[in-house]
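The values are calculated or read from the model by the stated rules, or taken from the named source; none is laboratory data. Note that the coordinates shown come from a computational prediction; the quantities given were computed from them, not determined experimentally. A quick note on method: Cβ atoms are made from the backbone with ideal geometry, for glycine too, and the neighbour counts reach across all protein chains shown. For the accessible areas, the whole protein counts, side chains as well, though only heavy atoms, and no ligand, DNA or RNA atoms are used. Shrake-Rupley method; radii C 1.70, N 1.55, O 1.52, S 1.80 Å.
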Amino acid sequence: LPLCIASQHWKALFDQFDPENTGYISTEKFRSLLQRHGSELDPHKLEVLLALADSNSEGRICYQDFVNLMSNKRSNSFRQAILQGNRRLCSKALLEETGLSLSQRLIRHVAYETLPREIDRKWYYDSYTCCPPPWFMITITIVEVAFFLYNGVVLDRFVLQVSHPLYLKNALLYHPQLRAQAWRYLTYIFVHAGIEHLGLNVVLQLLVGVPLEMVHGAARISFVYVAGVVAGSLAVSVADMTAPVVGSSGGVYALVSAHLANIVMNWSGMKCQFKLLRMAVALICMSFEFGRAVWLRFHPSAYPPCPHPSFMAHLGGVMVGITLGVIILRNYEQRLQDQTLWWIFLSIYIIFVLFAIFWNIFAYSLLDLKLPPPP
């Protein structure tokens, strides 16, 4: 049935149990309604509706709560059902279902890769429509690759571009002498040290970022990514004040560290295949890329007295990931404004950003640092 006709159909059924049109029916009548007409619903959604009936302490169900659950809206009724939902997981696990198409298997795989609870996975599997698609991570990756190819053609170099004498003249990278140009704290992600730097970042943000965006949406994932990027450049301006910054490692490390921390915190519930091996591979890739950044930072510069790019952006991204990122990824389909810990970590992040801004305004002159000449 089309959505509007289906809504009218269920409203008529609901009204049969609510002749006085109060907008409420008892949980017993609600269960009776589901038992009679539950075959018209997806079995996974039926489980959540039954969980709503079980979790209701007032003994009655509001029609609007029922509508919210039917339309996949984020609501108090959904969160209440999810909190109690594990008590009613009587049917077979999503992983045991057969006869799925390739797209359905992909959605199921993403659910098991990112969500720790079976009822969350089932609800996501039923409600995901690929509309909108994971556009943010795909778009940001395409733009990063495009800028790298453009710089490669301009510099006539694709490996270790950072050693080219014209490299620092790029208007996008962060340079300590040009820190007043505020856009550089963000646009440095479009400039990479070389193809090896770009390759690792692109692989990690696609393998981790795209599934996360499919589950949590572009708004949450873009926030974690951009927060990691900004924290990365600000961390460099505070802790490694004479160095430039390039690469998207701040945003990538924020996503990956949040995802890995979420897996560790929900280890028993995560049913992704080879999760230990996957974590090991991700950590090895991150360690290799971080080690490369540390080596490059202390390697003799190709254009003294300006040092090679800093590695502090990686650490800034990790700190965002294990604070803000963990809270965002932990609360699937729940409003962040209801989470106390979210406000605590957000406040800490804002305080750090404000501190870094004042640091950039006053500390450089007070410390009388000898900065490298502008490019």
* If R0 is 30 Å, what FRET efficiency do you get for V153 and A302 from their C-beta distance, rounded to 0.05? -> 0.90
* Asked: What number in nm² do you get for segment 220-291 if you take the convex hull of its Cα atoms and divide its surface by four?
  -> 5.7 nm²
* Would you mind calculating the gained length between S127 and E97 on full extension (0.36 nm times residue separation, minus the Cα-Cα distance), in nm to one decimal? => 9.1 nm
* Asked: From the phi of every residue in segment 309-320, what ³J(HN,Hα) in whole Hz does the Karplus formula 6.51 cos²θ - 1.76 cosθ + 1.60 yield, where θ is phi - 60° and glycine or proline is x?
  -> x, 7, 9, 5, 4, 4, 5, x, x, 4, 5, 5
* To do: Please determine, in degrees from 0 to 90 and to the nearest 10, the orientation of helix 275-298 with respect to the longest principal axis defined by the Cα atoms of the chain, where the helix direction is its Cα long axis.
  => 20 degrees
* **Additional length obtainable on full extension of the chain from D368 to R60, 0.36 nm per residue less Cα span** => 104.0 nm
* Want the number for Q35 to W295: 0.36 nm per residue separation, take away the alpha-carbon distance, what's left? -> 87.1 nm
* Structure fact -> Hydrodynamic radius by Kirkwood for the chain, inverse mean 1/r across distinct Cα pairs, in Å, is 23.1 Å
* Cα-based helix-to-principal-axis angle, 27-37 vs the chain, degrees rounded to 10 -> 90 degrees
* Got a number for the accessible area of K169? Probe 1.4 Å, square angstrom, nearest 10. -> 130 Å²
* Relative to the first principal axis of the alpha-carbon coordinates of the chain, what is the inclination of helix 43-55, with its axis defined by its Cα atoms, in degrees from 0 to 90 and to the nearest 10? -> 80 degrees
* Label-to-label distance, nm, for residues given as A146 and V67 (7 Å Cα→Cβ offset) -> 4.2 nm
* To do: With a 1.4 Å probe and every protein chain left in place, work out the accessible area per residue of the chain in Å², rounded to a whole number.
  => 48 Å²
* Could you give the semi-axes, largest first, of the ellipsoid that matches segment 194-330, computed as the square roots of 5 times the alpha carbon gyration tensor eigenvalues and rounded to whole Å? -> 28, 16, 12
* To do: Have a look at S233, S249, S127 and tell me which one the Gaussian network model of the chain (Cα, springs below 10 Å) gives the largest fluctuation.
  => S127
* Which cross-chain or sequence-distant (5 or more) residues have an amide H under 5 Å from the amide H of S26, H modelled 1.01 Å from N in plane? -> I61
* Using a 1.4 Å probe on the protein chains only, how many percent of the accessible area of the chain belongs to carbon and sulfur? -> 66 percent
* Asked: What's the longest bit of the chain with no exposed GluC sites (Glu not before Pro), using DSSP loop states and at most 12 other Cβ atoms within 10 Å as the test?
  -> 59-375
